[in-house]
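What follows is a single structure, written as structure tokens, with notes after it.
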Amino acid sequence: MAREYTIGQAAELLNLSRDALRFYEKKRLVMPKKKENGYRYYTEEDIRLLLDLICWRKVQCSIEEIQTMYNEGGPAYMDGFIARKIQEEKRQIQEHQKLLRKLNVLQYTIKKIAGAVNQYDVCSMPKCYEISQRVESFEQVRELWFAVSGQNRGLEHCMLHEEYLPAEDDENEKYRYQCYLAMDEFSVKKLKLEEYVKGAPSFSFPRCAHTIYEADTEQVDREAVEKMKQWAKDQGLDLTGQVHAHYLWNNQKDGRFIKSYIELYMPVKG
């Protein structure tokens with residue numbers, strides 16, 4: 001005699017809730033028999049149907065998809081259905097991989113800020129690529145950053161880079177100012193932008209005075225520059241005179257800007 005299962009027994013056997021079994025019945029995916037006493041009884045065939053249903057649910061098939069598949073029936077339809085699900089999963093995996101790469105870059109930036117904010121040290125400046133042309137207007141570069149950030153290629157992780165170079169020809173000017181979008185090598189590799197920066201100018205310095213400081217704007221602060229120059233002098237460091245600054249991140253509260261984090265490098269001679 002074929003065995004029959006009460007709803008409680010079927011739920012325990014299949015590790016499902018009674019509500020789930022009632023829901024599947026409501027959707028006509030399984031139709032247990034009701035006896036004169038009003039209780040539902042599941043046959044061995046019902047259990048097999050539920051096992052198939054559980055299998056499809058575990059591969060993220062919706063109830064509507066399962067209903068359509070059962071109604072259409074046949075191996076050919078199921079093969080096509082599974083092929084479409086595989087392609088969708090591959091697409092989602094690619095999207096999640098992109099997201100993970102962006103999260104790694106964000107983590108890299110935030111860890112860098114947390115480990116160096118308001119501290120001075122001597123370190124190398126990582127290789128950076130110039131993502132845009134050099135201009136003399138910070139506002140122009142910021143507008144460009146806004147534009148490229150909307151392209152969803154990872155360029156929202158560009159740094160607003162400012163540099164002050166010792167003036168060589170103009171005796172009236174102490175520095176030549178330039179700014180542009182830049183991206184460090186770590187971010188380029190994580191975001192798989194090697195082809196994008198291929199042929200782009202790059203720069204790095206083996207030894208620099210370095211700090212990350214809190215600022216009231218996105219631009220480099222002259223007082224912060226002078227403080228680090230004095231620190232470098234106290235350490236006996238012979239600076240080249242160049243100043244390189246990255247806008248990294250900002251803090252906000254209740255939709256209002258609080259402060260920026262600016263990374264400052266000053267190359268050391270030799």
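The values are calculated or read from the model by the stated rules, or taken from the named source; none is laboratory data. No experiment lies behind these values; they were computed from the predicted model shown. Cβ sites come from the backbone with ideal geometry, for glycine too, and all protein chains shown count toward neighbours. Just so you know, the surface numbers come from the protein's heavy atoms only, side chains and all, with ligands and any DNA or RNA stripped out. Shrake-Rupley method; radii C 1.70, N 1.55, O 1.52, S 1.80 Å.
Restricting attention to the range 75-85, does a residue exist that is farther than 30 Å from Leu191 by Cβ, open to solvent by less than 70 Å² (accessible area, probe 1.4 Å) and assigned to a loop (DSSP other than H, G, I, E, B)?
Checked against the condition, which is being farther than 30 Å from Leu191 by Cβ, open to solvent by less than 70 Å² (accessible area, probe 1.4 Å) and assigned to a loop (DSSP other than H, G, I, E, B), the range 75-85 yields no hits at all.
Out of everything in the range 5-35 that is part of a strand (DSSP E or B) and basic (Lys, Arg), what residue ends up being farthest from the chain's Cα centre (by Cα)?
Among residues in the range 5-35 that are part of a strand (DSSP E or B) and basic (Lys, Arg), the one farthest from the chain's Cα centre (by Cα) is Lys34.
Which one of these is open to solvent by less than 90 Å² (accessible area, probe 1.4 Å), touching a helix residue (DSSP H, G or I) at 6+ places or on another chain (Cβ under 6 Å) and of a type in the set (A, V, I, L, M): Val105, Val122, Val141, Val117?
Just a single option satisfies the conditions, and that option is Val105.
Of (1) under 30 Å from Thr211 (Cβ atoms); (2) under 16 Å from the mean Cα position of the chain (by Cα), Gln92 satisfies all except one. Which?
Evaluating Gln92 over (1) under 30 Å from Thr211 (Cβ atoms); (2) under 16 Å from the mean Cα position of the chain (by Cα) leaves (1) as the failure.
Limited to the range 228-260, what total is found for residues that are open to solvent by 90 Å² or more (accessible area, probe 1.4 Å) and modelled with pLDDT under 95?
6
Does Gly199 count as farther than 27 Å from Leu237 by Cα and either surrounded by 14 or more Cβ atoms within 10 Å (Cβ to Cβ) or modelled with pLDDT under 90 (or both)?
No, not satisfied.
Being closer than 18 Å to Pro126 by Cα, among the aliphatic types (A, V, I, L, M) and touching a residue at least 24 places away in the same chain (Cβ under 8 Å): is that true of Ala209 here?
Yes; evaluated as a whole, the condition is true for this residue.
Identify, by number, the condition in (1) closer than 18 Å to His157 by Cα; (2) open to solvent by 90 Å² or more (accessible area, probe 1.4 Å) that Lys269 doesn't meet.
Exception for Lys269: condition (1).
Checking Gly38 against (1) open to solvent by 60 Å² or more (accessible area, probe 1.4 Å); (2) assigned to a loop (DSSP other than H, G, I, E, B), which test does it fail?
Checking Gly38 against (1) open to solvent by 60 Å² or more (accessible area, probe 1.4 Å); (2) assigned to a loop (DSSP other than H, G, I, E, B), the one that fails is (1).
Can we say Lys127 is within 30 Å of Gly270 (Cβ to Cβ), open to solvent by 70 Å² or more (accessible area, probe 1.4 Å), modelled with pLDDT of 95 or more and not hydroxyl-bearing (Ser, Thr, Tyr)?
yes
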